1. Is there any pair with a first residue in the range 15-39 that is at negative phi and acidic (Asp, Glu) and a second that is at pLDDT 95 or above and surrounded by fewer than 17 Cβ atoms within 10 Å (Cβ to Cβ) whose Cβ atoms are under 8 Å apart and which are 6 or more apart or on different chains, and what are they?
2. Could you grab me the full set of residues in the range 35-69 that are touching a helix residue (DSSP H, G or I) at 6+ places or on another chain (Cβ under 8 Å) and among the charged types (D, E, K, R)?
3. Could you list, in sequence order, all residues of the range 10-37 that are within 21 Å of Leu62 (Cβ to Cβ), in a helix (DSSP H, G or I) and either among the hydrophobic types (A, V, I, L, M, F, W, C) or open to solvent by 90 Å² or more (accessible area, probe 1.4 Å) (or both)?
4. Testing Ile5 on (1) modelled with pLDDT of 95 or more; (2) surrounded by 10 or more Cβ atoms within 10 Å (Cβ to Cβ), one condition comes back false. Which one is that?
5. Within the range 43-60, how many residues turn out to be part of a loop (DSSP other than H, G, I, E, B) and open to solvent by 20 Å² or more (accessible area, probe 1.4 Å)?
Amino acid sequence: MKGIIPWTDLDAEEQRAIAILGAGLSIELCDPVALPRLRRLGLIAGTRLTAAAHALRRRVVLEELSARD
C-alpha cells in the first residue's frame, strides 16, 4: 500500500470520486480524468476503493465531525 496522500492534495473531482465510490455508487458517475491518478496513488483498484482510500475517507469524515464540536 502506498503512503496516504492528504485529502487537500486531491482535486475536487478526485475527492468526489472517492465519495461516490465510498457511498457504493457506480464508477460510471466519476470523472474519468480523476480515475487514473487515483489508481496511480493506490486509492482505486478496478472499480472499487482500496483500503487506503477507505482509511483516508474515514479520517476526513471524522475530522469534519470533530470540527463541528
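The values are calculated or read from the model by the stated rules, or taken from the named source; none is laboratory data. Bear in mind that the values here come from a model prediction, so they are computed numbers and not experimental data. So basically every Cβ, Gly included, is an ideal-geometry build from the backbone, and we count neighbours across all protein chains shown. Just so you know, the surface numbers come from the protein's heavy atoms only, side chains and all, with ligands and any DNA or RNA stripped out. Shrake-Rupley method; radii C 1.70, N 1.55, O 1.52, S 1.80 Å.
1. Asp31/Glu13; Asp31/Arg16
2. Residues satisfying the conditions are Arg37, Arg48, Arg57, Arg59.
3. The first filter runs over the range 10-37 and keeps only residues within 21 Å of Leu62 (Cβ to Cβ), leaving 10, 12, 14-24.
Pick out the ones that are also in a helix (DSSP H, G or I) and you get 12, 14-22.
Once the filter is applied, which keeps residues that are within 21 Å of Leu62 (Cβ to Cβ), in a helix (DSSP H, G or I) and either among the hydrophobic types (A, V, I, L, M, F, W, C) or open to solvent by 90 Å² or more (accessible area, probe 1.4 Å) (or both), the range 10-37 yields Ala12, Arg16, Ala17, Ile18, Ala19, Ile20, Leu21.
4. In the conditions (1) modelled with pLDDT of 95 or more; (2) surrounded by 10 or more Cβ atoms within 10 Å (Cβ to Cβ), Ile5 misses (1) alone.
5. Start the filter on the range 43-60 by keeping residues that are part of a loop (DSSP other than H, G, I, E, B), which leaves 43, 46-47, 50.
Filter once more, keeping what is open to solvent by 20 Å² or more (accessible area, probe 1.4 Å): 46-47, 50.
Residues meeting the conditions: 3.
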